[in-house]
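Working notes for the structure below.
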C-alpha cells in the first residue's frame, strides 16, 4: 500500500497538532502542512503576556518545551512534517483530492494530492464597519504581527492613551497588557456588561475591579475612528463622545475563517463555523476540520456553538490527526465552554451554563446560588472567591459555575468542569473528596461549600435572594426589614447603607423583640458572606417571621455602590 | 412534642460541625457539646503553619471567619449550643439514653439525657513503646498544647537539633515547620520510603527534595529516647546509631479514640475505627459517630479504611448533624482518600489508589504511567509537575493519581479526585474541557496530557517503562540500547549517565544506521520529559526495532542519582 498523504491547511494550533498526531501514528505517511502566515505553532494565547511584558523573548511564543523554535526545519527534522509557510490554498478539488496553492512571496503556484485533508483555517478578527478603521494606530491582538506591533508600543513608551474596543475575554486581556505598558485605557463595550460568559452580577463585580485600572464605557459602540494624516487621533462613540487616543485595539470577537471550506462544498453551520461530526469529519468524505473554524456541540444544551479556545483546538487536532490515519476511531464529543482569563490580580472563569445562557437556550428550570468565601484559611493569607452556581431543579445536576476573585479561581473552575463532565448532582458534590491542607484550601473547600448552599436552597432550608433582585426591590421602595448581623466594628468599616439595622448574630436571639411585630413583613438578612446571615434567617423563621430571605454572598458579592 | 436533645462528644472538627448543622435545622433543639480539652473548634491542620511562623496569632487557629474566637460564649451566643469544656464523658447508658460526665477541673460529676448522641472523640497519637518516651523535649503535633510548645521552641530559638519520628504526612509537615524555625532536622522512618500514600518512585523524588532541607533515615526505628536529668539528649535507633538532639516530635500516625464507644457496645472495625453506616449511624440506635474516630468505606476497593482527614470529618459532621434532627435523610458515601501536603516549595498529593495500595487490595489488572511536564507555559514561569496515574486495564476507568512537584499540585489532584468521583474513563478524560489560559495552564492541561499518555499506553501505541523497572534492568547488567534524544546542550547540563547514546530527535531519522543492527535488542529512549523519547520510539519501531520502550517521565521523573 502506498504511503498515506495527509494535507493540513493551517499552522497555528489545531493544524500542527493534527499533523503531529498523524505522524506519531504513521511514520511513513506523507504529511504536509500549508500555512498562510510566516510563523508556525504560535502560542497565540500568550500574546497579551508578551505585550504586557511578562516575558521579553518573542521566540518563547514559538518554541517547543525544549526551547527550539518550531519553524519549518524543526517540523521536518523532529516530525518529518513538510511545511509550506506564506502559502495560501486557493482551491481544493475534492473529487480528484488535490489542493492548489500559491506561494504568497514568490507567486509560484502548485498542487498537492491528498488522501485525507484537514482544514484548520482558524478565525479572523471581527471589525466594526465604521469610517477610519484602517488608520495607523488601530490593531487587533490576533496575529504574531499584532503582538509585535503592540509590544513595540510598550517598549517605545510613547503612547499615553488607548481605547480597547470590546469588553470580552481578549479585550480584557489586552486591557491588562496595555495597562502594564503604562497606557491609560478606556474599554468600550456595546453590551450592558463586560465578559458575557458571566452573568450580570458577576460581571459587575469584575467591572468594579477593572475600573480601578481602566475606564469602562458600556452600552456604547464605536461610530468612527478619527485620524489626522492617516494616524488615529480619537475614537468617536455612537453617543457622540470623542475619546482622544493614539492607539485602538479592536477585540469584538472572531469569525470562523471558512471561505475556502464553503467554496469546496463543506457545510457551514448557523454559528458560521464548519459543521463536523464527533470524528471531526465534515460532510465531505476524507475532509476533516478542526480548531477555531469549526462549530461544535455544547454538551449541555446539545446546540452547536462556536468556541474558539486554544485547548479545544488542540484536542480536536489530536482526534482528527488520529482519525485521518486510523479511520474514524476517536471522538471529540463537544464542549461545556470552560474558559478563564486573568484580569490583573483577579481570575475570572466559567464552565457550563450561565443563567443568561441557560435562558437563551430555553432552559428555565434551574436554581442559582452565590457563594463568597476564601480559597484557603485566613491564617494562610486566603483570598476571596465568589462563585455563582447553576443547577437543574429536578435532576439536581450541576449545569454551570462562574468563579471570580483574587483567589484560586482556576482550581475551582476545573472542579466544576469535572463535576459537569461526570454528570454529578449537587447531592454528590456535597461529599466530594478534594485535597485539603491549609496551604491549599479550607477544610470545606469553597466548591463544596457552594454545593452545600445549593443543596440547602434546593431542599428549601435556605430562602435567598441575589443582589440584583434585592436591589430591584430596594429601588421600588418595597418595605422590608433589612438586617445586617455582623459585629459593630465590621459595620463601621464597610456597609451597604440601604436602611439596614445592625444586630450582631450573637445578640439576635435576645433582641428579637426589637424587630417589628409584623411577622409577614419581608426580611432580608446578611453579613460579610451571608453564613451568619443564613443563621439569622433560621432564628427569625423560628420566631415566626414568614418571609425571610438571605442576601446571597453577602456584602462581598454586592456589585453596587455601598455607603462605606 | 418536646424539644429534641442532642449530645455531641468531642469539640474539635466533626463534633462542632454536627452540632452547628443540627442547630441550623432545628432552632429549638437542645444541643450540648462536651469537650475534654480546653479549646473548641481548633483548626488543627493549621498547627504546623503556626509552629513554622506562617502566622503569629495563635487565636487565628480558633477563630470563626469573622475573627471571633470560637469559645463557649461564641457557641452559645451565635449558635445556642451549650458547650462543656474540660469535661470528660465517663459512661453512656444507651438504654436510658444518658451520658455521665466529670468536669476535669472541678471533679464535679453530672449526667445528661439525649435523644441522639454523636460521638466525635477523634484520634490519639500513636507512640513507640520504647524507653524514655516521656522525657522532656518529646512531643507530638496533635493538640493545641503541642502547637504552643513547639511554637515556643521556635520563638526561643535555643534548640538546634531535632528528630522527627515518622515520615508520613504530619512528620513531613512538622519537618518543614521546625526547619523554618531554624532547627536541623533528622527524619526517621521505619519503612523504606517517606509518605506511604505515594508509590516508591514518587516518594523517592520527594525524598530527594526533602534531603536538600533535612536528613532522612529510612528503614530504621527508634529503640530508645536517651535523656539526662529528665531531658532528651539523643534518639537511639534500632541499628544502634545515636542522634544527638534536644527535641523529638513523634508523628507515627494516630489511633481512633474509641475506648468509650467500645465500652458502650458500639462496634469497632478491623481498622480500629467505629463502624458506621452511610448515615453515620453506629450499630446502636440513635448513636452516631463522626470524624477521626470512625472508619469509612474506600469507594474504590469497597473496604473500610481509617482516613483521619479534617475535610472528611467536617462532611461527616454535617451529615450526622442533619440526620440526628431529620431522621436518616443524608448520606456520606465514603472516601477515595484524597490528600495533599506542602513540603517546602513542593506540593505532594494523591487521590484514589496508588499502585501499592491497589496491589494490597488485590487489584492487579491496572496500568500505570508517569507524566512530567509544566503546570503552565515556560514563558509564564511554569513549574514542574510529576504525575503517576493508575487506571483499570479493562474498564479503562481512572483508579488513582499521585502528583508532586513545585507546580500547581492541588488543582491537579482536585481534577483527578473529580474524575474518580465521576467514574470517568481515560477515554473521557482525554477530552476534558478544563479552564485554559497561559497564566493557569498549558494549552493541553497537565492532567489531560497524562490521560493522553495513558490512552496511548492502553491502546498499545506507547510501550514504556518506569524508572524503577529500568533501574532494576540496568543493575542486572542487561544489554540494552540506551538512547537520549535531547540536544547536546541539554545533555551537557544534565544526564543520567547510565551508558546512553545521545542522538537528538531531529537527527535520529538520518542517523538510524549508527544504531546496532540487531533489531531485537531492547531499546530504551528518553528525553527531558519523554515526549521526544516517545517520538523516537516510534521512529525506531518504524525502522524495525521490535523491543523499544520509553522511559516514563524522562529525566525529570528519574529518582536515582545521575551522572550530572
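No value in this document is a laboratory result; all are computed from the given coordinates. Just so it is clear, the model here is predicted, and its values are computed rather than measured. Positions of Cβ are generated from backbone atoms using ideal geometry, with glycine treated the same way; all protein chains shown enter the neighbour counts.
Listing for the model above:
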{"quantity": "Cα extents of the stretch A:409-451 along the three principal axes, largest first (Å)", "calculated": "29, 20, 14"}
{"quantity": "Normalised contact order of the stretch B:138-252, rounded percent, pairs of Cα under 8 Å and 6 or more residues apart", "calculated": "33 percent"}
{"quantity": "Label-point separation in nm, residue B:191 to residue A:331, each point 7 Å along Cα→Cβ", "calculated": "4.0 nm"}
{"quantity": "Residue B:267/residue B:134 FRET efficiency (R0 30 Å; Cβ-Cβ; nearest 0.05)", "calculated": "0.35"}
{"quantity": "Rule-of-thumb Rg ratio for the stretch B:464-557 [Cα; 2.2 N^0.38 Å; N residues]", "calculated": "0.97"}
{"quantity": "The stretch A:207-324: proportion of alpha-carbon pairs further apart than 18 angstrom, %", "calculated": "64 percent"}
{"quantity": "Nearest-first distances (nm) between copies at residue A:109, label 7 Å from Cα via Cβ", "calculated": "10.7"}
{"quantity": "Cα pair count fraction exceeding 26 Å, expressed as % - the stretch B:138-252", "calculated": "14 percent"}
{"quantity": "Sorted by Cβ density within 10 Å, fewest first, the residues A:363, B:172", "calculated": "A:363, B:172"}
{"quantity": "Peptides B:140-146, B:315-321 ordered by average Cβ neighbours within 10 Å, highest first", "calculated": "B:315-321, B:140-146"}
{"quantity": "7 Å along Cα→Cβ, label-point gaps from residue A:479 to other copies, nm, shortest first", "calculated": "9.9"}
{"quantity": "Shape of the stretch B:201-268, Cα gyration tensor, a/c cut at 1.5", "calculated": "oblate"}
{"quantity": "Nearest-to-axis residue of chain B, judged by beta-carbon position, where the axis maps B onto A, in Å", "calculated": "B:422, 1"}
{"quantity": "Cβ-vector label at 7 Å, residue B:499, separations to other copies in nm", "calculated": "8.6"}
{"quantity": "On Cα atoms only, tilt of A:446-458 relative to the major axis of chain A in degrees", "calculated": "60 degrees"}
{"quantity": "Label-zone membership for the stretch B:105-131, site residue B:38, 7 angstrom Cα→C-beta point, backbone N under 16 Å", "calculated": "B:105-107"}
{"quantity": "Gyration tensor verdict on the stretch B:17-109 (Cα atoms; rounded if a/c is under 1.5, prolate if a/b is larger than b/c, oblate otherwise)", "calculated": "oblate"}
{"quantity": "Pairwise centroid distance, computed over Cα atoms, of the stretch A:502-564 with the stretch A:164-188, Å", "calculated": "40 Å"}
{"quantity": "Acute angle (nearest 10 degrees) that the helix B:169-180 long axis makes with the longest principal axis of chain B, alpha-carbon atoms", "calculated": "90 degrees"}
{"quantity": "Tensor-based shape of the stretch B:80-208 (alpha-carbon gyration tensor, a/c under 1.5 rounded, otherwise prolate or oblate)", "calculated": "prolate"}
{"quantity": "For chain A, the spread of Cα positions along each principal axis, largest first, Å", "calculated": "89, 58, 41"}
{"quantity": "Rh by Kirkwood over Cα pairs, then Stokes-Einstein D for the stretch A:250-388 at 0.692 mPa s and 37 °C, µm²/s", "calculated": "190 µm²/s"}
{"quantity": "Share, in percent, of DSSP beta bridges within the stretch B:138-252 that are antiparallel, nearest 5", "calculated": "40 percent"}
{"quantity": "D (Stokes-Einstein, µm²/s), Kirkwood Cα radius, the stretch B:339-458, 0.692 mPa s at 37 °C", "calculated": "232 µm²/s"}
{"quantity": "Gain upon complete extension [residue B:394, residue B:546; 0.36 nm per residue less C-alpha separation]", "calculated": "52.2 nm"}
{"quantity": "Length added when fully stretched, residue A:211-residue A:106, from 0.36 nm per residue minus Cα-Cα", "calculated": "32.9 nm"}
{"quantity": "FRET efficiency estimate (nearest 0.05) - Cβ-Cβ, residue B:156 to residue A:478, R0 51 angstrom", "calculated": "0.25"}
{"quantity": "Point-to-point label distance, residue A:563-residue A:229, nm (Cα→Cβ direction, 7 Å offset)", "calculated": "5.7 nm"}
{"quantity": "Share antiparallel - DSSP beta bridges, chain B, percent rounded to 5", "calculated": "55 percent"}
{"quantity": "Alpha-carbon spread of the stretch B:103-157, three principal axes, descending order, Å", "calculated": "50, 28, 21"}
{"quantity": "Rounded to 10°, Cα long-axis angle of helix B:310-326 versus longest principal axis of chain B", "calculated": "40 degrees"}
{"quantity": "Per residue Cα convex hull volume in Å³ - calculated over the protein assembly as shown", "calculated": "185 Å³"}
{"quantity": "Shielding by other protein chains, B:419-431, mean Cβ within 10 Å", "calculated": "4"}
